[in-house]
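The values are calculated or read from the model by the stated rules, or taken from the named source; none is laboratory data. Model, not experiment: these values are computed from the prediction. Backbone-built Cβ (ideal geometry, glycine too); neighbour counts: all protein chains shown. Please note that ligands, DNA and RNA were not included when accessible areas were found on the heavy atoms of the full protein model with its side chains. Shrake-Rupley method; radii C 1.70, N 1.55, O 1.52, S 1.80 Å.
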Amino acid sequence: MRNTFIILVTIALVAAPRIALACPVCFGDANAPMTLAANRGIWFMLAVVAAMLTAFASFFIYLMRRARLAASSPDPAAAGSYARGREGTAQC
């Protein structure tokens, strides 16, 4: 029963080639307004993805630089005498 259904659907799809034709944007004139708009939309979406990936990468570069700066700076408690004896208190 199931194999018969699959065979009938396959025959129907092969017998109806109009379903497989491309849309007017892909199949039509390359200079049509619809084709130009679709191409611009594709480029815009690619630009948005590229901007998001660039922002994501630059954020991690920022975090790496900040971690490197924090690791290279001296201990603030040992740097000045004003902090001695005040461990655990807020410094403004």
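Tabulated data for the structure shown
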read-out	value
Single condition residue 30 does not satisfy, out of (1) open to solvent by 100 Å² or more (accessible area, probe 1.4 Å); (2) not in a helix (DSSP H, G or I)	(1)
Residue within segment 18-26 that is of a type in the set (A, V, I, L, M, F, W, C), at pLDDT 70 or above and not in a loop (DSSP other than H, G, I, E, B) present	no
Any chance residue 38 is in contact with a helix residue (DSSP H, G or I) (Cβ under 7 Å, 6 or more places away or on another chain), open to solvent by less than 100 Å² (accessible area, probe 1.4 Å) and hydrophobic (A, V, I, L, M, F, W, C)	yes
